Amino acid sequence: MTNSIQEIKNADTIFIIGSNTSENHPVIAAIMKQAKRAGAKMIVADPRRIEMAEYADVFLQLKPGTNIALLNGLMHVIIEKGLQDENYIKERTENYEELKELVKGYTPERVSEICGVDPEYIIKAAEIYGEAPKAGIYYTMGITQHTTGTHAVMSISNLALLCGNVGVESAGVNPLRGQNNVQGACDMGGLPADLPGYQKVFKPEVLDKFQDSWGSKLSNKVGLTITEMFKAIEEDQVKFLYIMGENPMVSDPDTNHVEHVLDHVDFLVVQDIFLTETASMADVVLPAAAFAEKDGTFTNTERRIQRVRRAVEAPGEAKADWMILMDIMNRMGDETRYSHPARIMAEIVSLTPSYGGVSYKRLEKESLQWPVPNENHPGTKYLHKAAIARGRGLFMPAEHVASAEITNDEYPLILTTGRILYHYHTMTMTGREEGLNKLAPHSYVEINETTANKLGIEDGDMVKLYSRRGEVQTTALVTDIIDDGVVFMPFHYSEGKANILTNSAIDEIAKIPELKVAAVRIEKA
Amino acid sequence: MQVTINGKQYDFDKGTTVLKACSEIGLDIPTLCNDERLVPSGSCRLCQVEIEGWGKLHTACTTQVREGMVIHTHSDRVIKARQDLLDMLISNHPLECLTCEKSGACKLQDYCYEYGITEGTYRWEMSKPYFDDTNPFYTFDARKCILCGLCVRVCDELQGTNAIGFENRGFDTQVATPFGEGLENSTCVSCGNCVSVCPVGALEPKSKKKFRHWETRTVRTTCSYCGVGCQMDLKIKGNEIVEVQPAFDAHNEGLLCVKGKFSYNFLSHPDRLKKPMVRKDGVLVETGWDEALDVITSKMKEVKKEFGSDAFAGLTSARCTNEDNYMFQKLFRSTLGTNNVDHCARL
Ligand code: SF4
Ligand code: SF4
Ligand code: SF4
C-alpha cells in the first residue's frame, strides 16, 4: 500500500476493485465501513455482488477480465468532464498526452459493451472518484491474477495520478496483501532478481556489498520464477527443490501439472507445520514451528514491521524455520551462527536501506513502517509525499486485451476463483478448526439462477465442472450475486479443488497466473 | 481549562470529557459501557460524579470539562449512588462466579468487590433465561447480560455488520438477533468483536480448555493469517493458547476477524509435524534431525558438484517471518550460489 490502513478513515472516496475486502481483509473492510458511515463515498467494481457492494454508492458488476477497459472508461469520463488535476499532472507526472490519446477510445458505451456495465454507472463512478479531494483505490488478486495483470495495475496507477491521488494522505494506490507476510517475503529477497530491499542481483555495487558481508561469491544471474522453475524441473535442469511453508499442490493453478512436476523433481524438501498435500510428496519433510512458537517479525500490507513473539513451545522436535536453515548452512560450511532472530534482523538492517532504522529494541515499543532509513526516522506513513519515487509519476497507458482463455461452445462459462472469510489459503490451518469447518464445510460453485435453470441444476445439486485441464465435482450454490455465464469457486479446498480447472497462463511481466478467468462447462453429476 | 478534581487543580484541553480527564490523571472511574472508539452512551451510569453546583450527579463519559469545574469522583454521595446501581445490577443477575468463565476478568465482579456489594437487595425477577449456543465460536447467556450495549454498538459502529440489537422494552429488554432467530441464522460473521468488549460473562468464547483468568499469562503478537497484520494478545495457560484479545493500541484498534480471534486451535492439533521425516523405500518415516539434515546436505553437495548451483530452486514463504525468509534466500544465494528463489504469494 502507498498509504496506511488508518488513513482510510479520512478518505473522501473509497474505490474497491477486484478485492472481496470483507472476506479477505475483514478488519480493513470494517474500517472502510466506518469511513462510509462518517460520510465517505464508495465505489465497488467486482464480478460478484460481494458484501461491500451493499455499501457502495455505485456498484459496477463487470465481466471477469475487463478491469483495464473499465479503468480506461473512468479516465475517459474524468477527462471529458474536466475532473483531472491539471496542476498535479503538470508538476508531478509525465506522458499525460499519450494517456489522453489512448483513453479517448474508451467511451462509456464501448466500455459498457466490453464490461457488461451500464454506461450511466461508469459515468457516476467517474464523477465520484474524480470529484473527491482524497480518493484511495484498494485492490487485490482480482486485478493481478490475469494475463494482463501488470497492465491493470498500471491503469490503476494512471487513474490515481490523473486525479492527483498519489503522495497524498488518505488516498493512494493500495494493493491489499493476501498472506500475512507476502510483503516481508518480498522485502527480504524472496524474488529471483532481488536481494533484500529490492536491490538487484545484477548490479555490481549491490553484489559487492552482499559478498563482503556474507563472505561468499554470489551469482549475478537473475534466477527463475516459480513458473520457470517448474519448467526447468520438467526439462531436468533443476534437480533439487526446497519448499518452505507453502502448499502449491492446492494454491497453484493446474494442479495436475504441479503434481507432475513435484513427482518428477529429483529431490524435494518440504518444511512445514503439517503434512500438507505438497509435503506428502517430499523426500525429506522438516517439522517447523508455527508463528506463536517463535520470535521474529512480519511486515503487513501497509509496510508495517511488527514483532511476532514466542508464546508457547513448538510440538515435539519442531524448530523455527530460521534455525533449521542456519543448521543446514552450518553443515554446508558457512559457520555464521545467530543466537536469536534479533541478530538476523541486525544483519538485514545493515544491508537493507529501507529497514535501516529497525531494531528489536525499537520494535518492543513501536511498530515501524518502511522506509525507515535510520534510528531516528519515525517510519513512513504514506509514500511519495515529496515527489513520485522515480522523480515524476509516469502515465503508462494500456489497452484492454481479452483474457488468455475465452469461452466457446465446449466451455461456455467463465470460472473465477477466490477466497472466503472462513478459510485461509490452502486450509492447512483453518481446515483443522472445527468451528470454521462447521461454517464452511465443503467446496462449492456459485451459479447464477438463470445459468442454473438453463442447465437444469438446483441449489445443493452435485455438479461436475470441466476445463481444458481437468474435471472437478462439487456442490452447486445457486445465487443471484453472480452474473449469468460466470461461475465462482473458492480455491481453498483440496476436495473439489478449483485449481484443477484454472489456467496457468501467466502475465508475462509479473509472472502471475490467470487464476481469475478459465473457460469451463458444468453438468449435473 | 482549569478544573478541580478531588481537591487538586488540573489543566485540560477543551472538549475533554470528565471521564477522559480523570483517566489522564490516573484516576480510575468505574464504567461498564464506555469505549473510547464509540459514541458515549451514558447507559450504565456507573461513572457518575458530583459536580459542585450542578445538583444531581452526572455521568462522566457524557459531560465535558468546563472552566472552573469542581468535581468529586469518590464522595460519599457518589459512592452510595454507585453502590445502589451495582446492587440493582446484581439483583437480577445469577451470581455464578464460582463456575463462570469470566470470573477474574469480569468488571461487574471487580466493581462489586471494590464497592463492597455482596448481594442484590432488590427483590425482582431474574433476567429472562435465554442461551444462544448456535455460533461455533462463542455463546450468549442473556441472564448475565447487563445491557451495557457495548456489543450492539461495536457490531454496528465499528464492525459494521449490525447482526444484533436490543429486543423488547423496559424490564424485558434483551440483546438478540433480529426476530430472535439465533446467531446461527443471523448475519453475524463471527468476528468476535462483540465478545472482546463484553465486560461480563454474557458473551463468552467457547474455549477448548478450562482455565481461570488468573492462571494465564499474556503475549503480544501479530496475527498470522492475512496481510492486515492485526496486533493481538494471546492468553496462555501452561503451553496452550486459551483465548485471544485484540490490541486496542494498534492499527486494528481493538478489532479482529474470525480467524485472528478464534482460529488458533490448529497449533495444538495432533496432526502437527513433530519429527523430521525421510522417504525410505517409497514411504516417509520419522527420523531424527541429524539424519534428516545429513540426507539433505549430502544431496546438496552431490547436486552442486554434478549439476552446479543453478540446479537448485527454492520457494520461500509468505507465511514465515522476515528472518526466516532472509535466511532462506541467504542459504540459496550465499551457500548454494543461485538466485533461483521465489515465493508462491502471487496467488
Ligand atoms: S458475569 Fe461476572 S458477576 Fe456474573 S457470574 Fe460471571 S463472573 Fe460473576
Ligand atoms: S461476532 Fe461480530 S458480527 Fe457477530 S454479533 Fe459479534 S460483532 Fe457482530
Ligand atoms: S485478525 Fe483477521 S483481519 Fe486481522 S490480520 Fe488476522 S486474519 Fe487479517
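Each reported figure results from applying straightforward, stated rules to the coordinates on display, with no laboratory input. This one's a predicted model, so the numbers in the text were calculated from it and none came from an experiment. Every residue, glycine among them, receives a Cβ derived from its backbone with ideal geometry; neighbour counts consider all protein chains shown.
Quick one: order A:201, B:49 by neighbouring beta-carbon count within 10 Å, fewest to most. It would help to have the intermediate numbers written out before the result.
On the way: A:201 22, B:49 26.
Ordered from fewest to most neighbouring Cβ atoms within 10 Å, A:201, B:49 come out as A:201, B:49.
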*Vicinal HN-Hα couplings computed from phi for the range A:222-236 (Karplus, 6.51 cos²θ - 1.76 cosθ + 1.60; Hz; Gly/Pro x)*: 4, x, 8, 7, 3, 4, 5, 4, 4, 5, 5, 5, 4, 8, 6
*Roughly what % of DSSP beta bridges within the range B:1-110 run antiparallel, to the nearest 5?*
80
_What whole-number volume per residue, in cubic angstrom, does the convex hull of the C-alpha atoms of the range A:320-403 give?_
215
*In whole Hz, with x marking every Gly and Pro, tabulate ³J(HN,Hα) for the range A:105-116 from phi via Karplus 6.51 cos²θ - 1.76 cosθ + 1.60, θ = phi - 60°.*
x, 9, 5, x, 5, 5, 4, 4, 5, 5, 8, x
*Quick one: if you take sqrt(5λ) for each eigenvalue of the C-alpha gyration tensor of the range A:182-369, what semi-axes come out, biggest first, whole angstrom?*
28, 22, 17
*For an R0 of 45 angstrom, estimate the FRET efficiency from the Cβ-Cβ distance between residue A:336 and residue B:84 and round to the nearest 0.05.*
0.10
*Using 7 Å Cα-to-Cβ label points, what is the residue A:366/residue B:286 separation (nm, one decimal)?*
4.7
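Percent relative contact order of the range B:127-206, based on C-alpha pairs within less than 8 angstrom and at least six residues apart? Can you show the working numbers first?
On the way: 131 pairs, mean separation 30.5, N = 80.
Relative contact order here is 38 percent.
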*residue B:187 to residue A:479: FRET efficiency via 1/(1 + (r/R0)^6), r the Cβ-Cβ distance, R0 22 Å, to the nearest 0.05?*
0.90
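When ranked by the protection proxy of mean other Cβ atoms within 10 Å per residue, highest first, what sequence do the peptides A:73-79, B:293-299, A:483-489, B:96-102 form? Kindly include the intermediate steps, with their values, before the conclusion.
Values: A:73-79: 25.6, B:293-299: 17.6, A:483-489: 20.9, B:96-102: 14.4.
In descending order of packing, they fall as A:73-79, A:483-489, B:293-299, B:96-102.
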*Name the long-range amide H neighbours of residue A:238: under 5 Å, sequence gap of 5 or more, or other chain; modelled H, no Pro or chain starts.*
A:233
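State which entries of B:206/B:275; A:497/A:524; A:63/A:516; A:36/A:124; B:206/B:261; A:454/A:524 exceed 19 angstrom in Cα-Cα distance in the structure shown. Walk me through the intermediate numbers first.
On the way: B:206/B:275 31 Å; A:497/A:524 17 Å; A:63/A:516 11 Å; A:36/A:124 17 Å; B:206/B:261 11 Å; A:454/A:524 12 Å.
Check vs 19 Å cut-off fails for B:206/B:275.
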*the range A:162-209 to the range A:437-484: how many Å between their Cα centroids?*
38
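Over the protein assembly as shown, consider all pairs of different Cα atoms and compute the Kirkwood hydrodynamic radius from their mean reciprocal separation; express it in Å, one decimal. Walk me through the numbers before you get to the answer.
Working: mean 1/r = 0.0343 Å⁻¹.
Result for the protein assembly as shown, one decimal place: 29.2 Å.
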_Amide H within-cut-off set for residue A:320, under 5 Å, with H built and near neighbours excluded_ = A:289
*Could you go through the range A:259-273 in sequence order and give the Karplus-derived ³J(HN,Hα) for each residue, using 6.51 cos²θ - 1.76 cosθ + 1.60 with θ = phi - 60°, rounded to whole Hz, and x for Gly and Pro?*
4, 4, 5, 5, 6, 7, 4, 4, 9, 10, 10, 10, 10, 7, 9
*asked:* If I take every Cα pair under 8 Å that is 6 or more residues apart in the range B:209-271, average their sequence separation and divide by the length, what percent do I get for the relative contact order?
replied: 24
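Ignore the peptide's own chain and count Cβ atoms of other chains within 10 Å of each Cβ in A:438-446; give me the average, rounded. Don't skip to the end; give the middle numbers.
Values: counts 4, 7, 0, 0, 0, 0, 0, 0, 0.
If you average over the peptide's residues, the count of other-chain Cβ atoms is 1.
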*Taking the alpha-carbon centroid of each part, what is the distance from the range A:317-337 to the range A:226-276 in angstrom?*
22
*Indicate, rounded to the nearest 5 percent, the antiparallel portion of the DSSP beta bridges found entirely in the range A:413-524.*
60
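Residues of B:228-241, mean number of Cβ from any other protein chain within 10 Å of their own Cβ, rounded to a whole number? Walk me through the numbers before you get to the answer.
Details: counts 16, 17, 7, 5, 0, 1, 4, 1, 3, 1, 2, 6, 3, 3.
Per-residue shielding by partner chains comes out at 5.
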*Along principal axes, Cα extents of the range B:2-88, largest first, whole Å*: 36, 31, 22
*asked:* How large is log10 of I(q)/I(0) for the range B:127-206 at q = 0.27 Å⁻¹ when the intensity is taken from the Debye formula with one equal scatterer per alpha-carbon?
replied: -1.68
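Need one number: % antiparallel among DSSP beta bridges in the protein assembly as shown, to the nearest 5. Please list the in-between numbers first.
Working: 62 of 110 bridges.
So the antiparallel bridges in the protein assembly as shown amount to around 55 percent.
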*Tell me, what is the FRET efficiency for residue A:104 and residue A:131 to the nearest 0.05, using R0 = 25 angstrom and their Cβ-Cβ distance as r?*
0.75
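Per-residue mean of other chain beta-carbon atoms within 10 angstrom of the beta-carbon, peptide B:148-157? Please report the intermediate quantities before stating the final value.
Details: counts 0, 0, 0, 0, 0, 0, 1, 0, 2, 4.
The per-residue average across the peptide is 1.
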